[in-house]
1. Output the strands (runs of 3 or more DSSP E) that fall wholly within segment 1-103 and possess 3 or more residues being touching a residue at least 40 places away in the same chain (Cβ under 8 Å), or say none.
2. What number of residues within segment 184-201 satisfy the criterion of being closer than 30 Å to Ser295 by Cβ and exposed (fewer than 14 other Cβ atoms within 10 Å of the Cβ)?
3. Taking the criterion of being assigned by TED's automatic domain parsing to the domain that holds Val320, among the basic types (Lys, Arg) and either crowded, with 19+ Cβ neighbours inside 10 Å or in contact with a strand residue (DSSP E or B) (Cβ under 7 Å, 6 or more places away or on another chain) (or both), would at least one residue in segment 389-402 satisfy it?
4. Select, from Thr331, Thr248, Thr302, the only residue that is within 21 Å of Tyr392 (Cβ to Cβ) and outside any loop (DSSP other than H, G, I, E, B).
5. With closer than 15 Å to Pro241 by Cα, at pLDDT 95 or above and not basic (Lys, Arg) as the only criterion, which of Ala389, Ala405 stands out?
6. Restricting to segment 1-38, name every residue that is at pLDDT 95 or above, surrounded by fewer than 15 Cβ atoms within 10 Å (Cβ to Cβ) and not basic (Lys, Arg).
7. Given the criteria over 18 Å from Asp395 (Cβ atoms) and assigned by TED's automatic domain parsing to the domain that holds Leu373, does Trp253 qualify?
8. In this structure, is Val380 β-branched (Val, Ile, Thr), crowded, with 19+ Cβ neighbours inside 10 Å, within 30 Å of Pro20 (Cα to Cα) and not assigned by TED's automatic domain parsing to the domain that holds Gly129?
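The values are calculated or read from the model by the stated rules, or taken from the named source; none is laboratory data. No experiment lies behind these values; they were computed from the predicted model shown. Virtual Cβ from ideal backbone geometry, glycine too; neighbours counted across all protein chains shown.
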Amino acid sequence: MPTHVETLENGLKVVLRPIPDTKALSTWVVYRIGSRNEVPGMTGSTHWVEHMLFKGGGKMNAFTDTDYTMYFETIPASAMDTALMIESERMRNAAFDPKEVEAERTVVISEREGAENQPEFLVDEELWGLAFHVHPYHWTPIGYKQDLAALDREPLYRHYLRYYAPNNATLILVGGFDPAVAMQHVREAFSPLKPEAPPEPLRLSEPEQRGERRSDLVRPGPADLLSIGWHIPAAAHDDTPALILLSTVLGGWRGLISFASGDWRPRSNRLYRALVESKLATDVGVRQEMKLDPSLLITSATAAKDVSLDRIEHAIDREVDKLRRTPPSRTEVERAKQQVRSWARYEQDGVTFQGMLLSAGEGLTSWDFGDRLLAKVEKVRVERIRDVARTYLVDEHRSLVRFHAQEGTG
């Protein structure tokens, strides 16, 4: 689709995607700040700052990821100036009233405590902590409770001032507007904002893992869980397209923005047949976590009643070993490519999803990341899928978490 890209003198990158005959407008701002930019003692600060800057709902929302923070509004196109004013004020003029900081402390701690009641969160947090000992992917965006209890206003406010600046952000507009007119309104709203010194680049990199890592959790929960994570390269790496097809063949594809698919699980894949159809598991999935830095490919399964986690692990190992030994058939790969194409079309449905896709791409590499990646996926040969399985699905480079649900709880 035609897309106009321009950068203001203060460093703000602007991406405009006009859609004719559309009366809606989705306005997104992506900040290059996530939990990867935090340090021990400050975990959860980026998510807390988001809470300080956003109190909305419905078609106005915000979220914090490991690599970026996003804010958006989907509104009538005639209300563009309102959206731009909201985002301009948010970028540099937040007050961080001490009473508000304390009120949000209660909220973020409550959110953390609520997450701790979810077995899936506990397993995920344990898995990333196992797999990353040096890199900040070690902790989740919500942070540690002890840090949330100890942080005060001043470091939070400094965190905001350091990263919320026009030269550390991208503004994305999708919907019914004229690009020339929109740029005029953007300049009026954002040109007065002053840039900041660019943040220091992250210099921490995770050393190569030497040997499998395992952890067992025993907590209240409805069912036993198993989660395995293998190290994979950053999203921009040349092997990412082949890994997408590997993930799809193994556990199905749920789009570049996986949370957009909700609880839906694909069934046309090897792990579903090996685990769910055989009654070993009630649920299984694969997540390829595409991030700025080297990340994880994760497979997770929920054990069926009276099925041991050993049996599930062995079944997963068998399917992984098959992919390492033999390329999938051309028919299977074409079916996987079709699944990726279908999700690409779904993620272009409506101005909000288009804005989300462009913003997620910008947070990782560039706004057109999704389109470029899809074109590369189409060119992947079947042998490459076996090759990346041999390279990355290595036992010595994996971490494994078992969740043992306590009896009589859930």
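1. 4-7, 13-18, 24-31, 69-76
2. Matching residues across segment 184-201 total 4.
3. yes
4. Answer to the check: Thr248.
5. Ala389
6. Selection gives His4, Val5, Glu6, Thr7, Glu9.
7. yes
8. Judged against the criteria, Val380 is not a match.
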